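The values are calculated or read from the model by the stated rules, or taken from the named source; none is laboratory data. Since the structure is predicted, the reported quantities are computational estimates derived from the model, not experimental observations. All Cβ positions, even for glycine, are placed from backbone atoms using ideal geometry, and neighbour counts span all protein chains on display.
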Amino acid sequence: MTYKVESLLDESREMLRDGKDVQAILTFARHRGCSKTDAMRLLMLLRDMSLAEAKQVVHFSEAWRDTKQQDEEFQDRLQSVIEDKRSSDEYSAFPSLLPARGVLAGNTATPISKRYLTKAPIKASFR
């Protein structure tokens, strides 16, 4: 666990006891300098969420709304580069050098941003 997440964990637990919701906790964490990855770790520790659940909650949160489009575009570009490399002759002899198909998007056919958009955000209520 990173120091930043560890230092916010007790305060976040107190916020939950005081009736604050996930949006308030994520906003608090971001104002305290947490990255999206830190925010995901924080949620995983607070509520025993899987990484996939925490990623989705953070991605669709109000606290990180301003980065959502940019993050989706980055993930789509990354997936595209991997797929292009996978089909190139350079890597055809060494397929193990690239991540397995669908590792980034969770499946082989759908870019990550479209996958996010096809699933409803997880309703995270901590009350």
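Going by the structure shown, is VAL58 aliphatic (A, V, I, L, M), buried (at least 19 other Cβ atoms within 10 Å of the Cβ) and at pLDDT 95 or above?
When the stated conditions are applied, VAL58 passes them.
Return the residue satisfying two criteria in turn: it lies in the stretch 1-54 and is β-branched (Val, Ile, Thr) and over 11 Å from the mean Cα position of the chain (by Cα), and of such residues it is surrounded by the fewest Cβ atoms within 10 Å (Cβ to Cβ).
THR2
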